[in-house]
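Enquirer: Take a look at the following structure, please.
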Amino acid sequence: MTILAIFVGGYVLICAIAYVLQPRMVFFPDRDLVADPAAIGLDFREVHIDTDDAERLHGWFVPGEGDQVVLFFHGNAGNVSHRLESIRVFHQLGVSVLALDYRGYGRSTGRMSEEGSY
C-alpha cells in the first residue's frame, strides 16, 4: 500500500509540475534580433501592431513585386530575425511578406500564452 501511495503521489507531483511549467516547455522566445532583412539585401519597414490589451507586436513588412501578401509567423522558438531565409524565399516568389513576432519574442511586448496568441 505504501509503494502505491508513493507512486501515485509522485505521479500527481510530476503532473502538477508539468502543468505549471507548460508555457516554458512550449514557448522558447528569444528577445535578441540577430539581423534584419537589410542584412540579406531586402528593403523593409518596421511594423508595430497594438493589441486590444495594450501589448505591441513587432515585425517587418518586406514589399514584393505583386499584390499578394504572406502573413508569416515563425515557430515556437527564436524570433523573426532567425527566419530571414524563409522571408527571402517568399520575396523571390514575388510576394510581399508581413513577418510578425509573437508576444514576448523579439521586440514584441508582453508574454506568450495560448490566449495571447489568439
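Enquirer: Quick query: amide H of residue 74 versus all other amide H atoms, modeled in the peptide plane; which residues come in under 5 Å with a sequence gap of 5 or more or a different chain?
Expert: Here 100 satisfy the definition.
Enquirer: Leaving out ligands and nucleic acids, note down the accessible area per residue over the chain with a 1.4 angstrom probe, in whole Å².
Expert: That works out to 67 Å² for each residue.
Enquirer: Kindly sort 103, 45, 56 by accessible area of their heavy atoms, largest first, with the probe set to 1.4 Å.
Expert: 45, 56, 103
Enquirer: Let me ask something additional. Take the alpha-carbon centre of region 1-59, take the same for region 98-118, and report the distance between them in whole Å.
Expert: 9 Å
Enquirer: Is it possible to state the helix-based mean residue ellipticity at 222 nm for the chain, with each DSSP H run of 4+ residues giving -39500 (n - 2.57), the sum divided by total residues, to the nearest 500 deg cm²/dmol? What is it? Please list the in-between numbers first.
Expert: Numbers: 4 runs with 37 residues, N = 118.
-9000 deg cm²/dmol, from helical runs alone.
Enquirer: What part of the accessible area of the chain, given as a whole %, is carbon or sulfur when the probe is 1.4 angstrom? Before the final figure, lay out each step's value.
Expert: Details: 4720 of 7880 Å².
The C+S portion of the solvent-accessible surface of the chain is 60 percent.
The values are calculated or read from the model by the stated rules, or taken from the named source; none is laboratory data. Small disclaimer: the values here were computed from a predicted structure and weren't measured. With ligands, DNA and RNA removed, areas are computed over all heavy atoms of the protein, side chains included. Shrake-Rupley method; radii C 1.70, N 1.55, O 1.52, S 1.80 Å.
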